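Structure record follows, encoded as structure tokens.
The values are calculated or read from the model by the stated rules, or taken from the named source; none is laboratory data. All figures in this text were calculated on a predicted structure; none of them were measured in a lab. Ideal geometry is used to build each Cβ from the backbone, glycine not excepted, and the neighbour counts take in all protein chains shown.
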Amino acid sequence: MTQTAVASKERKKTDPGTRTDLSSDAVTEISSELRKLLADVFALYLKTKNFHWHLTGRHFRDYHLLLDEHSEQILSMTDDIAERARKLGGSTLRSISDVTRHQRLLDNNADFVPPLDMLAELRADNLQLTRYLRSTHEVCARHNDVATTSLIETWIDETERRTWFLSEIATDLLGIHRDIADLLSGSQREKPDLSFHATLNPGSATPEDIAELFESISQLNRAFGGQGIVFRQIEGAPSGAQLDS
Ligand SMILES: [Fe+2]
């Protein structure tokens with residue numbers, strides 16, 4: 001045997017393809033988890049951008065900017081997830097069709113989604129992503145892959161922050177709508193003079209919110225045969241929000 005052939009045999013013995021001290025089973029399992037995670041993150045990125053582009057309504061600027069900020073944070077995860085799998089010696093996603101095959105979070109292809117529904121859906125998706133991150137963390141921890149668990153801990157923190165912001169906005173808007181719905185379903189509906197004394201939280205109800213709700217009430221008003229539903233007073237609402245009609 002020549003010297004070159006001997007050297008080649010020696011290299012094969014040390015398995016030059018191995019990039020870490022993790023077992024090949026660990027690499028396979030962690031890479032598989034990271035592939036699904038990456039597909040979910042791409043799906044969430046595109047949905048966040050989709051809603052950023054298709055937002056409508058009075059809060060357009062605020063929500064448009066918030067979702068842009070969120071989409072940038074989500075996109076910044078993708079390269080790290082993919083490269084982590086490659087560092088371990090595993091493979092990662094190769095195409096959009098590969099994303100579709102592995103994603104667990106659902107797309108939303110609706111022509112129109114109301115702003116509140118957009119925020120509520122993103123909140124639920126971010127919450128679900130946190131669960132997926134935790135389960136990937138468990139797999140990595142089981143194999144003592146501390147570098148990946150460390151990255152995941154940061155992503156969980158970022159995802160929980162996005163969920164927090166979306167929760168605050170969505171809960172606030174839902175709360176206002178629920179107050180009005182409760183008000184309208186009360187016994188006062190039977191009275192000839194449908195007058196309501198509404199109390200809204202001054203910290204959460206803007207003139208725009210109230211105007212939007214007033215439009216909904218007008219629709220209900222028409223449904224009740226044109227009898228006047230009147231806001232006598234909106235306590236604590238910002239100036240300009242008093243609606244009497
Ligand atoms: Fe943009």
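Brief remarks on what is shown
- Among the candidates THR56, THR28, THR14, residue that is modelled with pLDDT under 90, more than 16 Å from the ligand (Cβ to nearest atom) and on the phi < 0 side of the Ramachandran plot: THR14
- Scanning the stretch 107-128 for residues that are closer than 13 Å to LYS47 by Cα, modelled with pLDDT of 95 or more and touching a helix residue (DSSP H, G or I) at 6+ places or on another chain (Cβ under 8 Å) yields ASP107, ASN108, LEU122, ASP125, ASN126.
- Qualifying position, being under 23 Å from PHE165 (Cα atoms) and in the same structural domain as ALA170 (by TED's automatic domain parsing), among LEU65, LEU93: LEU65
- With respect to the conditions (1) surrounded by fewer than 12 Cβ atoms within 10 Å (Cβ to Cβ); (2) part of a loop (DSSP other than H, G, I, E, B), ASP25 falls short on a single one, namely (2).
- Put simply, of LYS49, LYS36 the only residue that is under 19 Å from GLU160 (Cα atoms), surrounded by 17 or more Cβ atoms within 10 Å (Cβ to Cβ) and modelled with pLDDT of 95 or more is LYS49.
- Filter result (within 12 Å of the ligand (Cβ to nearest atom) and either within 13 Å of CYS140 (Cα to Cα) or touching a His at 6+ places or on another chain (Cβ under 7 Å) (or both)) within the stretch 31-53: THR48, HIS52
- Members of the stretch 61-72 that are more than 11 Å from the ligand (Cβ to nearest atom) and either modelled with pLDDT under 90 or surrounded by 14 or more Cβ atoms within 10 Å (Cβ to Cβ) (or both): TYR63, LEU66, HIS70
- Boolean, THR100 is within 14 Å of THR48 (Cα to Cα) and among the β-branched types (Val, Ile, Thr): no
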